[in-house]
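What follows is a short report on a single structure.
The values are calculated or read from the model by the stated rules, or taken from the named source; none is laboratory data. Keep in mind it's a predicted model, so treat the numbers as computed, not measured. Cβ placement follows ideal geometry from the backbone for every residue including glycine, while neighbour counts extend to all protein chains displayed.
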Amino acid sequence: MTTKKPAATGFDAEVDSARKRLEASLNEDTGFDDLAALQALAPILSEKISSRRLAFTLGDEDDDETQIIVLHVETDEELGFIFAEDGEYVFESNLEAYFDDFVDDDPERFVERLYETLRADLPKYEVEHKG
């Protein structure tokens, strides 16, 4: 008598899904398109983090890596940048004293984490960098 393996749920389902995305990103034929991923992420960012304080601009760095710059409008300072690599979205802070770096493989969850990071840490940044 053979028993069927139950379908993965919860944690296991999320790990399985992330593993499949990572495997697909490493496959050269169906690989993760970093630029397309960022272009798809940009409207989600604009919708979920609509702010007079922040601007998200697509920019190219010298190392040929396309990224989205997180710009504080009032100070014209780059708070950090977002790039996509190997099936994951990465936020790297230019101001480690204020904003933590993080990685996520799901675009919606990534934007939620960025929202929470900026909401929690932007007040301190603004108080210490006012006019």
Residue identified as of a type outside the set (Lys, Arg), modelled with pLDDT of 85 or more and assigned to a loop (DSSP other than H, G, I, E, B) among Glu96, Glu78, Glu112, Glu47: Glu96
Listed residues Ser17, Ser25; which is within 24 Å of Glu112 (Cα to Cα), at pLDDT below 80 and surrounded by 15 or more Cβ atoms within 10 Å (Cβ to Cβ)? Ser25
Given the conditions (1) surrounded by fewer than 18 Cβ atoms within 10 Å (Cβ to Cβ); (2) not in a strand (DSSP E or B); (3) not polar (S, T, N, Q), which single one is not true for Leu38? (1)
Looking only at the range 81-131, how many residues end up being among the aliphatic types (A, V, I, L, M), out of contact with any Lys or Arg (no Cβ under 9 Å at 6 or more places or on another chain) and either surrounded by 14 or more Cβ atoms within 10 Å (Cβ to Cβ) or touching a residue at least 40 places away in the same chain (Cβ under 8 Å) (or both)? 4
Restricting the first residue to the range 44-62 and requiring it to be closer than 16 Å to Asp34 by Cβ and surrounded by 13 or more Cβ atoms within 10 Å (Cβ to Cβ), which pairs with a second residue that is modelled with pLDDT under 90 and among the aliphatic types (A, V, I, L, M) meet a Cβ separation below 9 Å and a spacing of at least six or different chains? Leu58/Leu38; Leu58/Ala42
